[in-house]
């Protein structure tokens, strides 16, 4: 006998759900109310905003590329290659998701700073200083954002039916051919989703960036950092920049809706 799902949920449950939605909605409404709409074009065309937008776009795109180049192989190894200590490696790779971003930035500074474990010999050998530079911004946002593509792609590989790859192998396809022509096309939607999440996280990164790369306008000041500074001196600019970032986040979620929830 088939059990029927109740058509009417408990009123208390619905009420709590409404309260929860309002918890997320009210801050957005507050932002919209405080936005100086008549001055919005002026704020968005200011040098501070344009510099921050340029740096955010450059850093987030480079971080996404680096995350794809390194993160997809990590996901493949975690999903398909058996080895001792895999759980520890996975925890290490995914640590930035739960680690406070400021702590991640401090760890990068201790490792890659001018007197860091790696940064000092690098500086002595080449004169390169990573903190407080554009390269530092890219490193910081990549560190924080890469786990998202690893997590997404690894899950897709684990759920992939290996019979397709087995069929390709039985037809004489080598490992690289099978990867390129079978595996990657099958998990392409997951890769796209992972890249979108990675880019959005990199675009909105604050804590690791300000700790490791600083907050120098035109050099390391990204959009979130510009909001932080503008809140103290120009609330109109702060709300304008915040509005742009909210729009970007909403667009990413809309683009990923079919991947996560399916069409409704």
Have a look at 154, 232, 205 and tell me which one the Gaussian network model of the chain (Cα, springs below 10 Å) gives the largest fluctuation. 232
Largest fluctuation, 78, 195, 186 only, Gaussian network model of the chain with Cα springs under 10 angstrom, belongs to 186
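Classify segment 1-81 from the C-alpha gyration tensor, please: rounded if a/c falls under 1.5, else prolate or oblate depending on whether a/b exceeds b/c. Can you show the working numbers first?
Values: a/c = 4.88, a/b = 1.18, b/c = 4.12.
Cα axes put segment 1-81 in the oblate bin.
Stretch residue 42-residue 126 to full length: gain in nm at 0.36 nm per residue minus the Cα-Cα span?
Numbers: separation 84, 0.36 × 84 = 30.24 nm, distance 4.28 nm.
Between residue 42 and residue 126, full extension yields 26.0 nm more.
Would you calculate the volume per residue, in Å³, of the smallest convex hull containing every Cα atom of the chain?
Value for the chain: 213 Å³ per residue.
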Return the distance in nm (one decimal) between the two label points of a simple spin-label model at residue 87 and residue 181, each offset 7 Å from Cα along Cα→Cβ. 4.0 nm
Mind ordering 166-172, 137-143 by average Cβ neighbours within 10 Å, highest first? 137-143, 166-172
Mind telling me which of 56, 45, 175 comes out most flexible in a GNM of the chain, alpha-carbon contacts under 10 Å? 175
Write down the radius of gyration of segment 61-218 and its Dmax, each obtained from C-alpha positions, in Å. 18.0, 57
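Can you sort 51, 161 by how many other beta carbons sit within 10 Å, fewest first?
Numbers: 51 17, 161 8.
So the residues, fewest neighbours to most, are 161, 51.
Give me 199, 37 ranked fewest to most by other Cβ atoms within 10 Å of their Cβ, as a rough exposure proxy. Mind dumping the intermediate values first?
Values: 199 23, 37 10.
Result, fewest neighbours first: 37, 199.
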Here FRET efficiency (C-beta to C-beta, residue 102 to residue 61, R₀ 25 Å, nearest 0.05) is 0.55
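Laboratory data are not the source of any read-out in this text; all were calculated from the coordinates shown. On a predicted model such as this, the values are computed, not experimentally measured, just so you know. Note: ideal-geometry Cβ built from the backbone for every residue, glycine included; neighbour counts use all protein chains shown.
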